[in-house]
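Please read the structure below before turning to the comments.
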Amino acid sequence: MSNVAGHGDLGGRSDGSGEVERAVMEPSRRRVLRTAGIAAAVPVLGTVLAACGANTSNASNPTGTSTSGFSQGKDPWPQHPTYKFAFINHVTTNPFFTPTRYGIEDACDLLGCTYSWTGSTNSVPSDMVTAMNTAIAANVDGIAVAVIDNKAFVGPINSALAKGIPVVAYNADATQNLQNNHYLSYVGQDNYVAGQKLAQRLLSDGAVKSGDLVGGMIATPGTLNIQPRLDGIISVLKPAGVNVATVATGALLTQEFTAVDAWYQGHTSAKFMVAVDDGSSEAVADAIKKYSLKGKVGGAGWDVSTPVLNGLKDGSLLYTIDQQAYLQGFVPVVQLFMYNISGGLMLPCDTDTGLTIVTQSTVDPYLSKQTRFEGSSNSEKILSRPAKITV
């Protein structure tokens, strides 16, 4: 599995501890983003602020048409410190987070900030807590953490808040212990609901039915970034008479391929395999293709990495879920920046990054458009919007 820090322009300074810090890009790129590109950025920031309840219209201009200097490329922000934000991740080298890193990078370039990317390579909460405590000791200006455990982050979050450091959660949410986890917002998918929606689609399409055995592939059972997805699936399929077997596949891609292959070899009567993380999804597609199971055993995955999308295209997978990983990096930076620059008045707010079920009939745009937004390219480009929006 490749290290995300080596992806294109995501490279940074490593001190050997596993932390990778990315400084602000050279002035020329930042100047381009903050001048010629500022008009395109304003609607994005406006959307984020509107979601938090801010009024982005001008009282003297109720139509909302910009009367500021935005359209002339004027920098809307006063001179400010170079805020540094720490992102604490559970699988720092996982390719899923490539677009997340691009989102962080782009937001930092736009707003004149820096970030560090550290945590655990193998979903170990104690490693993440150590990284978070290091960030707190360094007095960073904000922390974004994937809250994969209901209890592990309570103490560090409280410590950060006590020092005036804002904390937001991304990608994983402590839904079972919210009263004690006092992070200011959650940016990511509603994982439990997403699992339910996928299961409902499987039933309505006739992909599974009562009496079927379904393998539920999950890298690290119990972690809050993926367990709620499988719980949501089971909550719908079990009452419908579908038997879902939980299969722990491991946090590393090589483990996931081995585990999925071995499970199917021991359960050849299975009618479907559904994976709730990117690596397990790749493994499901590989097993279905390897054993010529298309039309015999169905497969569904999660996320939109290129291998998963190719699995959709060739029919090895029937469904996957797009949770917009780019926004899970971009939005936390904007929220932490706004909190700092507003003196704490602009409070971070929950942002659901959505649920899109991608199928073979809708996969082509993902494969034909190589972008930073899906992590398939490090190039910055402007894409034409679709001629028609289908809802």
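FYI, it's all coordinate maths here, none of it is from the lab. Given the structure is predicted, the values throughout are model-derived calculations rather than measurements. Because the Cβ atoms are built from the backbone with ideal geometry, glycine has one as well, and the counts that use them run over all protein chains shown.
Ranked by the mean number of other Cβ atoms within 10 Å of their residues, highest first, the peptides 114-124, 239-249, 95-105 fall in the order 95-105, 114-124, 239-249. Remark: region 191-322 carries a charge dipole of roughly 460 debye about the Cα centre, counting +1 on each Lys and Arg Cβ and -1 on each Asp and Glu Cβ.
Please say if region 238-380 is rounded, prolate or oblate, where rounded means a/c under 1.5 for a ≥ b ≥ c the square roots of the C-alpha gyration tensor eigenvalues, and otherwise the choice is prolate for a/b larger than b/c and oblate otherwise?
Because a/c hits 1.5 or more and a/b exceeds b/c, region 238-380 counts as prolate.
Listed by chain and number, the aspartates and glutamates whose alpha-carbon sits under 18 Å from that of Lys388, ignoring those within fewer than 8 places in the same chain, are Asp364.
I want the local charge near Pro125. Using Cβ-Cβ distances under 10 Å, sum +1 for each Lys or Arg and -1 for each Asp or Glu among the other residues.
Details: positive: Lys151; negative: Asp127, Asp149.
Residues close to Pro125 contribute a combined charge of -1.
Note down the net charge around Asn191, summing +1 for each Lys or Arg and -1 for each Asp or Glu among other residues with Cβ under 9 Å from its Cβ. Result for the neighbourhood of Asn191: -2.
For a 23 Å ceiling on Cα separation, which of these pairs sit above it: Lys209/Lys294; Lys289/Lys381; Lys238/Lys290; Lys209/Lys296? Show your work: numbers first, answer last.
Numbers: Lys209/Lys294 17 Å; Lys289/Lys381 34 Å; Lys238/Lys290 29 Å; Lys209/Lys296 14 Å.
Long pairs (Cα-Cα over 23 Å): Lys289/Lys381; Lys238/Lys290.
Show which aspartates and glutamates lie in cross-link reach of Lys84 when reach means a straight Cα distance below 13 angstrom and same-chain residues fewer than eight apart are skipped. Counting by Cα, and skipping residues close in sequence, Lys84 has these aspartates and glutamates nearby: Glu21, Glu105, Asp109, Asp141. For region 191-322, relative contact order (Cα pairs under 8 Å, six or more residues apart, normalised by length) works out to 23 percent.
How high is the FRET efficiency between Thr268 and Ser204 when r is their beta carbon distance and R₀ equals 30 Å, given to the nearest 0.05? Efficiency at R0 = 30 Å is approximately 0.70.
Calculate, in nm to one decimal, what Ser377 and Asn139 gain on full extension: separation in residues at 0.36 nm each, minus their alpha carbon distance. Please list the in-between numbers first.
On the way: separation 238, 0.36 × 238 = 85.68 nm, distance 3.34 nm.
Value of the extension gain: 82.3 nm.
Database remark: amide H of Gly315 closer than 5 angstrom to no amide H (H placed geometrically; neighbours at sequence offset of 5 or more, or on other chains; Pro and chain starts carry no H).
Residues of region 94-120 falling in the label zone of Thr82, defined by backbone nitrogen less than 19 Å from a point 7 Å along Cα to beta-carbon, are 104-118. Peptides 362-368, 330-336 ranked from most to least packed, by the mean per-residue count of other Cβ atoms within 10 Å: 330-336, 362-368.
Around Lys271, under 10 Å between beta carbons, what's the net of Lys plus Arg minus Asp minus Glu among the other residues?
Numbers: positive: Lys209, Lys296; negative: Asp212.
Surrounding charge for Lys271 is +1.
Full extension of the chain between Val391 and Asn158 yields a length gain of 79.8 nm, computed as 0.36 nm times the residue separation minus the alpha carbon distance. What is region 191-322 by shape, rounded, prolate or oblate, if you read a ≥ b ≥ c off the alpha carbon gyration tensor as root eigenvalues and call it rounded for a/c under 1.5, prolate for a/b larger than b/c, and oblate otherwise? Cα axes put region 191-322 in the rounded bin.
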